[in-house]
Amino acid sequence: MTANASDAADGDAAGTISPDECHSLQELHAALDALHHFPLRRMARHTVLHDGNPQSRILLVGEAPGREEDLHGRPFVGRAGQLLDKMLAAIGLGRHAEDPQQAVLITNVLFWRPPGNRKPTDAELGFCAPWLHRLMQLTRPQVIVTLGGTPTQRLTGQPAGILRLRGKWQEAQIPGLDAPVPLLPMLHPAYLLRQPAQKRLAWRDLLTLRAFLDEHGAGS
Ligand code: URA
């Protein structure tokens, strides 16, 4: 079992495989899907690992699947996801773009819907962390974009709120990756649906991302 798992999991973990034993996103998904000793897995319809193009250099990390994502098995397919797709399109990116330069890969820090869409606990996030790190080791993103406070705090270790951190470049130290990965925190699209006036901040952050991609030859 992985670190911190005992806080979040119960029952028998015998027979499950570890993240390091997975050598593709398909294997990672299958291994996560088999974690029936983890309470959130038992309650979920689907394990929601990723969507988009695994060849992309841009990894978007959200918080956790909601109702729609649990139904469909893919991250960000509800209203917030539709807004996210529009935001990406505004800077020439898309999860379904075939060209890896224009594509993104999308995941979350938690792979199952928490009941009632409650906030994930530290133990649940700790349980998922080695699996998220493995996804990053397999896809080697050149830049990470975190959506909202939860993934930003998890991946940067910064306790400040998202309104303080958004738009300011950070670095993520990912176990198993040689170098820190540049990380840009952005506002969560669900927050933007509730607070449309904040879309101007999101637009600034999208332009910051676009400038980075142009400068580093990715996503253009
Ligand atoms: N919100 C998230 O953070 N992730 C999803 O997949 C959907 C909504």
**OP:** Considering every residue within region 86-96, establish whether at least one is open to solvent by less than 30 Å² (accessible area, probe 1.4 Å), outside any strand (DSSP E or B) and small (G, A, S).
**Re:** no
Subject >> Among the candidates L28, L35, residue that is within 17 Å of the chain's Cα centre (by Cα) and modelled with pLDDT of 95 or more >> reply: L28
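If the requirement is being in contact (Cβ under 8 Å) with a residue 24 or more places away in the chain, closer than 19 Å to G66 by Cα and touching a Gly at 6+ places or on another chain (Cβ under 7 Å), which of these qualifies: R113, R79? Spell out the reasoning first.
Numbers: R79 fails: touching a Gly at 6+ places or on another chain (Cβ under 7 Å).
Criteria check complete, one pass: R113.
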Original post:
When L213 is evaluated against the numbered criteria (1) out of contact with any helix residue (DSSP H, G or I) (no Cβ under 6 Å at 6 or more places or on another chain); (2) within 16 Å of the ligand (Cβ to nearest atom); (3) open to solvent by less than 70 Å² (accessible area, probe 1.4 Å), which criterion, by number, is the only one it fails?
Top reply: (2)
Original post:
Inside region 70-79, can you point out the residues that are open to solvent by 20 Å² or more (accessible area, probe 1.4 Å) and within 11 Å of the ligand (Cβ to nearest atom)?
Top reply: H72, R74, V77, R79
Subject >> When residues of region 105-148 are limited to those that are away from the ligand (no atom under 13 Å from the Cβ), of a type outside the set (K, R) and assigned to a loop (DSSP other than H, G, I, E, B), the one nearest to L209 (Cα to Cα) >> reply: Q142
Original post:
Across region 180-210, which residue is surrounded by the most Cβ atoms within 10 Å (Cβ to Cβ) among those that are under 19 Å from the mean Cα position of the chain (by Cα) and in a loop (DSSP other than H, G, I, E, B)?
Top reply: H188
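The values are calculated or read from the model by the stated rules, or taken from the named source; none is laboratory data. For clarity, every value in this text was computed on a predicted model and none was experimentally measured. When we count neighbours, we look across all protein chains shown, and the Cβ atoms used for this are built from the backbone with ideal geometry, even at glycine. For the accessible areas, the whole protein counts, side chains as well, though only heavy atoms, and no ligand, DNA or RNA atoms are used. Shrake-Rupley method; radii C 1.70, N 1.55, O 1.52, S 1.80 Å.
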